[in-house]
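> Supplied in structure tokens, the structure appears directly below.
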Ligand SMILES: NC(=O)c1ccc[n+]([C@@H]2O[C@H](COP(=O)([O-])OP(=O)(O)OC[C@H]3O[C@@H](n4cnc5c(N)ncnc54)[C@H](OP(=O)(O)O)[C@@H]3O)[C@@H](O)[C@H]2O)c1
């Protein structure tokens, strides 16, 4: 089985890559920092890395070349919150608005466009990583939350259009990662769960054959395996 995880060099993406490798999957991870990528590659025998910025079209085209004819799983996980500390939606600069929506909506959808044929060949799965900020109007989480809401809606449309694919939006809940720390600069976030704790439920979803849709970690934890 073959997976591509964007932002697989840290946090949730890294934890998922390590577990899929352990389960025998061949995993390609992406990210911009080569040292982080080298570290995750060193954890397993079937993980390979392809460095680049997911916002860069040439990187997405190159990823399609790496994937080839067939792909069982695409996880659109790389994401951008906006500048830390978070600002009110009306205070966001235009360049940052573009950066958030480009990273969280345009680039994942463009990557799906590049990979829809190999995914369909494998009757594959697309997981778009969402957030509770897609649903709840948290102050200062505006562009990020709105971008995740857009990604959720696009996931539903993709599921309706591509009958050969299963398409999941997955909300992992709070996790102790660099992104979460950026959202709460200077705060102690050690009470948040590690991303590794989320992975078993996500792997169960990927392997479940459940219908396309939006799933939260808490829902999956109470569903029968
Ligand atoms: N942490 C939470 O509490 C939380 C809660 C709800 C949802 N989520 C979602 O969970 C997912 C994973 O977040 P995380 O907390 O694990 O984040 P993280 O630890 O900060 O990791 C983010 C990953 O994305 C990569 N990335 C970011 N921008 C990129 C770009 N432009 N091009 C390529 N790679 C890029 C990063 O690598 P480089 O920086 O080296 O490129 C890194 O591998 C995200 O979709 C996030 O929105 C997180």
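> Among residues belonging to the stretch 41-62 that are farther than 25 Å from residue 109 by Cβ and in contact with a strand residue (DSSP E or B) (Cβ under 9 Å, 6 or more places away or on another chain), point out the one that is modelled with the lowest pLDDT.
Applying the filter and picking the extreme gives 44.
> Filter the stretch 207-222 down to the residues that are surrounded by 13 or more Cβ atoms within 10 Å (Cβ to Cβ), in a loop (DSSP other than H, G, I, E, B) and more than 18 Å from the chain's Cα centre (by Cα) and list them by number.
210 - this is the single residue of the stretch 207-222 that is surrounded by 13 or more Cβ atoms within 10 Å (Cβ to Cβ), in a loop (DSSP other than H, G, I, E, B) and more than 18 Å from the chain's Cα centre (by Cα).
> Restricted to the stretch 170-206, and to residues that are touching a residue at least 60 places away in the same chain (Cβ under 8 Å), under 13 Å from the mean Cα position of the chain (by Cα) and within 7 Å of the ligand (Cβ to nearest atom), which residue is farthest from residue 103 (Cα to Cα)?
Among residues in the stretch 170-206 that are touching a residue at least 60 places away in the same chain (Cβ under 8 Å), under 13 Å from the mean Cα position of the chain (by Cα) and within 7 Å of the ligand (Cβ to nearest atom), the one farthest from residue 103 (Cα to Cα) is 195.
> Out of everything in the stretch 88-108 that is away from the ligand (no atom under 14 Å from the Cβ) and crowded, with 16+ Cβ neighbours inside 10 Å, what residue ends up being nearest to the chain's Cα centre (by Cα)?
Only one residue fits best here, namely 97.
> A follow-up question, please. Return the residue satisfying two criteria in turn: it lies in the stretch 61-81 and is under 23 Å from residue 204 (Cβ atoms) and surrounded by 20 or more Cβ atoms within 10 Å (Cβ to Cβ), and of such residues it is farthest from the ligand (Cβ to nearest atom).
Residue satisfying both the conditions and the ranking: 71.
> Could you list all residues from the stretch 1-26 that are more than 12 Å from the ligand (Cβ to nearest atom) and out of contact with any strand residue (DSSP E or B) (no Cβ under 8 Å at 6 or more places or on another chain)?
19, 22, 23, 24
> Quick one: residue 136 ticks every box in (1) surrounded by fewer than 22 Cβ atoms within 10 Å (Cβ to Cβ); (2) touching a residue at least 60 places away in the same chain (Cβ under 8 Å); (3) within 12 Å of the ligand (Cβ to nearest atom) bar one, so which box is it?
The one condition residue 136 does not meet is (2).
> Considering only residues that are farther than 10 Å from residue 131 by Cβ and within 14 Å of the chain's Cα centre (by Cα), look in the stretch 155-169 and name the one that is farthest from the ligand (Cβ to nearest atom).
167
> Filter the stretch 37-59 down to the residues that are near the ligand (Cβ under 10 Å from one of its atoms) and buried (at least 20 other Cβ atoms within 10 Å of the Cβ), then identify the one that is farthest from residue 113 (Cα to Cα).
Residue satisfying both the conditions and the ranking: 40.
> Could you check how many residues of the stretch 162-173 are touching a strand residue (DSSP E or B) at 6+ places or on another chain (Cβ under 9 Å) and over 25 Å from residue 14 (Cα atoms)?
1
The values are calculated or read from the model by the stated rules, or taken from the named source; none is laboratory data. Not measured: the values here are computed from a predicted model. Reconstructed Cβ throughout: ideal geometry from the backbone, glycine too, with neighbour counts over all protein chains shown.
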